[in-house]
1. Can you tell which of Phe184, Thr329, Cys223 lies farthest toward the positive end of the dipole of the chain, using +1 and -1 charges on the Cβ of basic and acidic side chains (Lys, Arg; Asp, Glu)?
2. Given a Förster distance of 60 angstrom, what is the FRET efficiency for Thr329 paired with Ser156, based on the Cβ-Cβ distance and rounded to 0.05?
3. Are there any GluC sites (Glu not before Pro) in region 131-184 that are in a DSSP loop and have at most 10 other Cβ atoms within 10 Å? List them by number.
4. Dividing the alpha-carbon Rg of region 1-143 by 2.2 N^0.38 Å yields what?
5. Tell me, what % of the accessible area of region 109-230 is carbon and sulfur with a 1.4 angstrom probe?
6. In region 175-259, which GluC sites (Glu not before Pro) are in a loop and have at most 13 other Cβ atoms within 10 Å, using DSSP for the loop call?
7. A 31 angstrom limit on the alpha carbon distance is what I want to check against. Which of Lys278/Lys448; Lys341/Lys397; Lys161/Lys420; Lys341/Lys426 exceed it?
8. Assuming 0.36 nm per residue, please report the length gained on full extension of the stretch Leu424 to Leu91 beyond their Cα-Cα distance.
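The values are calculated or read from the model by the stated rules, or taken from the named source; none is laboratory data. Given the structure is predicted, the values throughout are model-derived calculations rather than measurements. Methodologically, a virtual Cβ is constructed for each residue, glycine included, from the backbone with ideal geometry; neighbour enumeration extends over all protein chains shown. Accessible surface is based on the protein model in full, side chains and every heavy atom, while ligands, DNA and RNA are left aside. Shrake-Rupley method; radii C 1.70, N 1.55, O 1.52, S 1.80 Å.
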Amino acid sequence: MKILLTTATRQEHPAMIKAIEKVFTVSEPLGIAYLASVLKQEGYDIEILDSVAEGYTSDDLRGFLLGKDYNIIGITTYTPDWYIVKKNLPLIRELLPASKIVIGGPHVNSMVKISLGKDLFKESAFIDVAVYGEGEQTLLEIVRAIAEKKALDNISGILWKDGNGNIHMNQQRELIKDINTIPFPALELLPLSKYKRTPSSYKRIPVRSILTARGCPYSCVFCDRGAFGASVRKRTIDNVMREVERLVVEFKAEELRIWDDVFTMDEKFTVQICNELKKYNLIWSCNGRVNMINQNMLKAMKAAGCWAMDFGIESGNDRILKVINKRFTSSKASESIKMAKKAGIEVRAFFILGFPGETIETIQDTINFALSNDIDYATFYLPQAYPGTKLYEIAKKEMALDSDFSNYLITGKIPSYINKNVGLDKLQLFQKQAYRTFYKRPSYIAKKILNIRSIEDIKRYFNAISILGI
């Protein structure tokens with residue numbers, strides 16, 4: 001069995017903000033790397049093509065596949081990539097008519113969640129199997145079944161097409177109870193030199209990615225917890241540190257990015273990880289949550305090399321924070337920003353402009369919040385109502401949903417939920433205003449210049465200049 005796992009090819013889209021796209025992070029696709037590691041452990045011949053990192057277009061994909069022979073091609077797709085994946089499926093079928101095509105990823109999960117999973121097969125006749133939920137065990141069972149020419153009807157977590165063209169949906173698969181049983185992601189199969197991080201999110205290279213847990217118990221209206229669910233499943237400290245050792249020794253990591261939804265969820269676990277990380281003289285960054293940090297935790301994080309933390313604050317208006325179910329207030333967010341800064345940790349904050357119930361005044365509250373707090377880097381998105389989220393339901397109810405999935409770019413200038421109180425033109429103007437007022441402040445620019453400590457800092461700031469062109 002020869003298997004290819006791939007990401008969607010790249011294609012410029014009118015919804016892109018080119019200045020942001022130019023500096024946006026291209027990180028290792030840990031999801032595919034985990035899938036590959038499971039198959040590799042079982043002895044299968046596995047290859048990864050990360051079309052995003054390679055910068056491949058559909059024409060490049062054609063060139064790559066010419067003369068190749070894969071039994072199975074697995075493609076992961078996010079919602080805004082689905083139109084590109086659909087475009088490439090006929091090409092794959094043309095060049096590899098005998099290959100089984102398996103799709104998976106966030107878009108499949110989303111469509112299943114809104115009871116439209118079978119529609120994926122209507123949109124493309126070239127799909128053989130679609131995987132939903134946590135994929136490691138599911139994909140392994142699919143590969144075994146295909147290799148042994150067995151039926152797919154007993155494999156949980158899939159939709160599949162039989163020989164008569166009928167589409168079947170099998171029962172949902174339970175989450176993996178012990179995620180320590182999953183082998184470390186197969187980074188050796190990735191083009192590691194091709195990955196880059198947005199200039200505000202690293203200080204040393206190479207940066208390597210790691211997950212210490214799966215799942216998030218929060219239910220923000222714009223977020224779909226997707227494959228990993230609402231329960232937090234943590235790895236053991238020993239398991240995490242063995243992977244850190246591998247990243248340092250085998251992959252020469254100088255910095256880590258911890259991609260847990262909320263790394264600060266469990267104080268005891270976080271502090272234990274920090275105590276172990278001290279051995280490696282690494283620096284690192286992570287996702288935090290403003291209502292899930294305290295001074296003891298921050299002290300341990302800083303001592304272990306944490307230099308930056310991301311906060312999804314989303315709004316500076318308490319009424320809107322309640323509408324989107326963030327479960328904290330703007331004053332709590334300000335307090336936590338001050339706490340992190342006092343501990344010597346930089347803050348990257350994320351905001352979304354134009355939620356349900358927003359007005360011009362509440363959006364201005366968010367911009368003012370970003371300007372009045374000591375935030376090092378801010379990102380201002382427009383609302384994307386991904387299928388399966390509460391925001392998607394609200395958008396449909398209000399008849400305010402853009403039906404073109406290709407517009408659902410998190411870095412884009414076209415929101416899929418258009419707030420009727422504000423309107424598209426004003427939302428886009430607010431987004432530009434937010435970026436310009438935040439990053440073009442003379443005091444902000446002067447502070448960044450004074451913070452330069454290395455040649456790498458100069459390179460990062462030089463690469464970030466494009467953001468000023470928004």
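1. Positive-most Cα among the choices belongs to Thr329.
2. Working: r = 41 Å, r/R0 = 0.69.
With a Förster radius of 60 Å, E is 0.90.
3. Within region 131-184, the qualifying GluC sites (Glu not before Pro) (loop, at most 10 other Cβ atoms within 10 Å) are Glu148.
4. Values: Rg = 14.8 Å, N = 143, 2.2 N^0.38 = 14.5 Å.
Relative to the 2.2 N^0.38 Å estimate, region 1-143 comes out at 1.02.
5. Numbers: 2770 of 5490 Å².
Carbon and sulfur together cover 50 percent of it.
6. Details: sites: Glu188, Glu243, Glu245, Glu250, Glu254, Glu255; in loops: Glu250, Glu254.
Passing both the DSSP loop test and the Cβ count: Glu250.
7. In this structure, Lys341/Lys397; Lys161/Lys420; Lys341/Lys426 exceed 31 Å between Cα atoms.
8. 116.3 nm is the gain from fully extending Leu424 to Leu91.
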